[in-house]
Structure formats: structure tokens, C-alpha cells
1. State yes or no: is residue 19 at pLDDT 65 or above and more than 15 Å from the chain's Cα centre (by Cα)?
2. Can you tell me which of 59, 54, 88 is outside any strand (DSSP E or B), surrounded by fewer than 21 Cβ atoms within 10 Å (Cβ to Cβ), modelled with pLDDT of 95 or more and over 16 Å from the mean Cα position of the chain (by Cα)?
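The values are calculated or read from the model by the stated rules, or taken from the named source; none is laboratory data. The shown structure was predicted, so the numbers you read here are calculated from the model rather than taken from an experiment. Cβ coordinates were reconstructed from backbone atoms using ideal geometry, including for glycine residues, and neighbour counts include every protein chain displayed.
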Amino acid sequence: MSLRFLAVAVAALMSAGPAFGANLLTNGGFEAEPTLPLQHEDGASGGHIQHYPAPAETAQYVPGWTLGDPSVSDLYHAPVEYWLVPAAAAEGFQYVALNWSPLGGITLYNTISQDFVLGAGAIGIDFAVAMGVESGFDGSTLQVQILSGQDVVAQSGLFTHLGGNGTWSEKSWSAALAPGDYTLRLVGTGNGNAWDVLIDDVRLEQVGGAASAVPEPASWALMVCGFMGAGAVLRRARPGLRLAA
């Protein structure tokens, strides 16, 4: 083991660095096992959770998230044969329909939210989400809101999906925010013949500051190689060799 090899290993380790850009959200892809059992039926052979009618529905079945009204939300697990929604998730196997409407021709409003923390040095956030709609694409909207306590401190414009049934499109947004405790809230509004607002792969990243994150597996591997290389060099060093402090 040469000093040249050790230098290369250390340089690679330094270039890997910490895993900046980590998702600040838990279960952003909705892949966690739901807290209620999936229902398997025609149109949803992969399973889904749909709670309507339920006059006083309080079950929160999407881990990490709070649904404004769980009774008009749906969690789909691919494969999905119901032709008005995508057969596959944008990422992984599961996605959320915020505001499905069994009544037809009405506007339904629903939210899903999660708390997050911006650490020291933060100057803002970058947000991205995969969006789809059910039964047409005219009128349904998705909006991103950031709350501090009960106050909305930042919000996006209204996103729409123009790709038609069964497809996904990525929406992104950025906002300036100082370090602190916040809530991310997604607001879906179904309108006319486009009831559902579908979401998947929700990502929220801190901009600025040294965000602490668990090293990626590749970084761990480089760290181990670096330590092993250093040990090998020290073991094979000449007896008279002394490393400068």
C-alpha cells in the first residue's frame, strides 16, 4: 500500500463529502406501509385505501403526513387498472389522490402536510413534486404553502397538469426562508370533471448552510477504504519513519 494510493483514497473521500440535498420530508414517496390495510378490488389489484363515506373520519393512514380530510383521499398501490388514474406511481409503487369525488361535478378541496426544520445557515428551500390528475385535466390545481405556526409565510402559484390521464409531470418551486420550524402544506383543488389531484415523490431540500445528513453508502465505503489504507501504510512504514504532527 503506497502513500500515493492513500492520497487518492483520501481525495476521493473528500470529494464525496456529506450527503447535501437530503430530503427534509419523511415518506416523501409515500412508500411506507400504510397504517390501515390495503383494499384489493376490481380496478385496484395492487390495493388502495379509500374511506368514503365516513362522516367523522379521523384515520391518518399515510405515515409521516397529515391529511386534511382522509375520507376523500386515496392511497393507491400499483398496479392500478382504474383507467382514470396512472397505472404506475411516478416513483416506487404508491401515490396519493388528494381529493377524489364520488359525487361528481363538484369542487373538492383537500390538504396534506408535514412539519420540517431548516438548520443553521439556511437561506431557502427547493421543492419538487410529481403531479397528475384524474378524469381530464382542466381546472384541477395544486399549490404549495409554507407555514410558520398558523401563518402562511410563502406559497407557490397554482400548478396544473396538462399531460392527460395516466401521466405524471414534475413541478418545482423555490422560496427564501430563514432557519426555523415550518410546515409544508400541499393544497389540492379538484374542479369540474377533473376531480383528483394526484401527488408522488415529494422532495424538499434546504438551500444554504451545512445541512447534516447521514452519509450515503458510497461515502461510508470510501471512508472505510481510507481508514484501511492509512492503517496499511502505517504498518508498512520503516521503523525510523515518523509522521509529522
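1. Against the criterion (at pLDDT 65 or above and more than 15 Å from the chain's Cα centre (by Cα)), residue 19 does not qualify.
2. It is 88.
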